[in-house]
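First comes the structure, then the notes that go with it.
The values are calculated or read from the model by the stated rules, or taken from the named source; none is laboratory data. All values reported here derive from a predicted model rather than from experimental measurement. No Cβ is skipped: glycine too gets one built from the backbone with ideal geometry, and neighbour counts run over all protein chains shown. What goes into the accessible areas is simple: the full protein's heavy atoms, side chains included, and nothing from ligands, DNA or RNA. Shrake-Rupley method; radii C 1.70, N 1.55, O 1.52, S 1.80 Å.
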Amino acid sequence: MAEDLAAGALSGVVNNFCTLPFDVIATNNQVRNLRHNKRGFYAQYVDTAKLVRESGGITSFWRGLLPSCLLVVNPAVNFALFEQLKVIYVSSVVAKSVPRGNLTGSASAHKLTALEVFLIGATSKAIATTISYPLIRAKILMMDSRRQKCLKTSDGTSADEQLHSMLGVLYEAVSAEGIIGGLYKGLGAQLSRSTLAAAIMFTTREKLLGFRV
């Protein structure tokens, strides 16, 4: 298991390094109100890439790399929570219907319904996303090249270097919007998407595993 987790984490880091520039361009294309909306699809992204490069050089395409790499632990946390919640739920359900001496065998043999798996999967993803959301928030803030302009730190110096660090962008966000707004702004929208996707994925996975001989 340790080797699988290490291999998964390493592949996630490599994947993030290779694909983050595309994520940065897509994010900036979404948040900017550009005047070339009537241009072709690819032309818009080329223009956005030029603006990202002008804001901070070639390294601008890898803003948010650290939180992106740290977020590779999210699936591991999600799966661990799912398995733990499943054990807790099954044990609590079986405990009400069988003698205490037969609890272990009955719990291992208990089959969850699709609705039960769906709800447990959604719950585990909601918890994992809430725990890791400050990293997601830092990643988005770091990728937004507009934040590199006209920002000053408390001593009046340029905030450019501060905004290139994960803790720097979070500190600036908390200072401007408070702890909840700074760290968890947009959490509701993220949960509505990620929990549904995870619930469907876990339900499909559990039902497919049930077909194994």
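See the values below:
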{"read-out": "Contour excess over end-to-end distance, with Cα ends at Val14 and Val77 and 0.36 nm allotted per residue", "value": "20.7 nm"}
{"read-out": "Val31 paired with Met201, simple spin-label distance in nm, labels 7 Å along Cα-to-beta-carbon", "value": "2.4"}
{"read-out": "Residue-level accessible surface for Thr204, protein heavy atoms, 1.4 Å, Å²", "value": "70"}
{"read-out": "Rounded FRET efficiency, nearest 0.05, which uses the C-beta distance separating Val46 from Leu209 and R0 of 41 Å", "value": "0.35"}
{"read-out": "Length added when fully stretched, Ser91-Glu177, from 0.36 nm per residue minus Cα-Cα", "value": "26.7 nm"}
